[in-house]
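Everything on this sheet refers to the single structure shown next.
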């Protein structure tokens, strides 16, 4: 299906475990983003990528790792999960300079992660 | 750095009444402004945006927002709300620069429509 998908949609993990959240988009958008959504904080940018093999930190990158070997995929890894990383994670993509869609970010459905 | 302030975390409104959701931003450079909407258990989707030109921008479902540079505001309004407008609304800002796709979001306003 076309669009942006995230997997898993729900995940429960234990403190100290490594967990990877997947994000896949079919539009060949250059930019991809990872956000976390927490009550009272809105959405905060974790990492973003301007193209394959180009990634950069956002506002809250500590404890997270990303990679982008292919344009369509942008996985987010929590190397050693902590309770403070319990959150809803959203992936998004966008493409600059595409007429009416300029600067519009398209969001996935989210992954609800609970760290026990 | 840019920042966005949404002062109202929750706004209850009676059905068919008007509503205004407030958004103020801070930036030392020119910005683009956005309103995103999040329906329950879904991702965000773009409601409307201001990039340049007319300062009044409108969405297809009756919302509108006006860019006010002197007051650094981008308030969202609708003259008559419906039950289906129940959602969380996020204001966002980005630096007005080609190729800069990063957004800074506000903390959101939960709009609840009372029948």
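The values are calculated or read from the model by the stated rules, or taken from the named source; none is laboratory data. All values reported here derive from a predicted model rather than from experimental measurement. Ideal geometry is used to build each Cβ from the backbone, glycine not excepted, and the neighbour counts take in all protein chains shown.
Quick one: would you say residue B:42 is buried (at least 16 other Cβ atoms within 10 Å of the Cβ), within 9 Å of chain A (Cβ to nearest Cβ) and either under 23 Å from residue A:94 (Cα atoms) or under 16 Å from the mean Cα position of the chain (by Cα) (or both)? Criteria not met by residue B:42. Determine, yes or no, whether residue B:113 is more than 10 Å from the chain's Cα centre (by Cα), in a loop (DSSP other than H, G, I, E, B) and at negative phi. In short, no.
From the set of residues in segment B:60-89 that are within 28 Å of residue A:4 (Cα to Cα) and under 11 Å from the mean Cα position of the chain (by Cα), which is surrounded by the most Cβ atoms within 10 Å (Cβ to Cβ)?
From segment B:60-89, those within 28 Å of residue A:4 (Cα to Cα) are B:60-65, B:76, B:83-89; that's our starting set.
Add one more test, that the residue is under 11 Å from the mean Cα position of the chain (by Cα), and what stays is B:63-65, B:76, B:88-89.
Values: B:63: 21, B:64: 15, B:65: 27, B:76: 23, B:88: 21, B:89: 24.
By that ranking, first place goes to B:65.
Residues in segment A:65-95 that are surrounded by fewer than 22 Cβ atoms within 10 Å (Cβ to Cβ), touching a residue at least 60 places away in the same chain (Cβ under 8 Å) and within 14 Å of another protein chain (Cβ to nearest Cβ): A:95 only.
Could you list, in sequence order, the residues of segment A:37-51 that are more than 8 Å from chain B (Cβ to nearest Cβ) and either modelled with pLDDT under 90 or farther than 20 Å from residue B:100 by Cα (or both)? Hits for segment A:37-51 are A:37, A:38, A:39. Residues in segment B:90-106 that are surrounded by fewer than 19 Cβ atoms within 10 Å (Cβ to Cβ) and assigned to a loop (DSSP other than H, G, I, E, B): B:96, B:97, B:98, B:99, B:100. The lone criterion from (1) assigned to a strand (DSSP E or B); (2) within 11 Å of chain A (Cβ to nearest Cβ); (3) over 16 Å from residue B:26 (Cβ atoms) left unmet by residue B:66 is number (2).
Using the structure shown, decide if residue B:74 is free of Cβ contacts under 8 Å to residues at least 60 places away in the same chain and either more than 26 Å from residue A:93 (Cα to Cα) or in a loop (DSSP other than H, G, I, E, B) (or both). Considered against the rule, which asks whether it is free of Cβ contacts under 8 Å to residues at least 60 places away in the same chain and either more than 26 Å from residue A:93 (Cα to Cα) or in a loop (DSSP other than H, G, I, E, B) (or both), residue B:74 comes out as no.
Taking residues in segment A:15-27 that are within 26 Å of residue A:104 (Cα to Cα), and partners anywhere that are at pLDDT below 95 and exposed (fewer than 12 other Cβ atoms within 10 Å of the Cβ), the pairs with Cβ atoms closer than 7 Å and at least 6 places apart or on different chains are A:26/A:2. Scanning segment B:4-24 for residues that are in a strand (DSSP E or B), within 13 Å of chain A (Cβ to nearest Cβ) and surrounded by 14 or more Cβ atoms within 10 Å (Cβ to Cβ) yields B:4, B:5.
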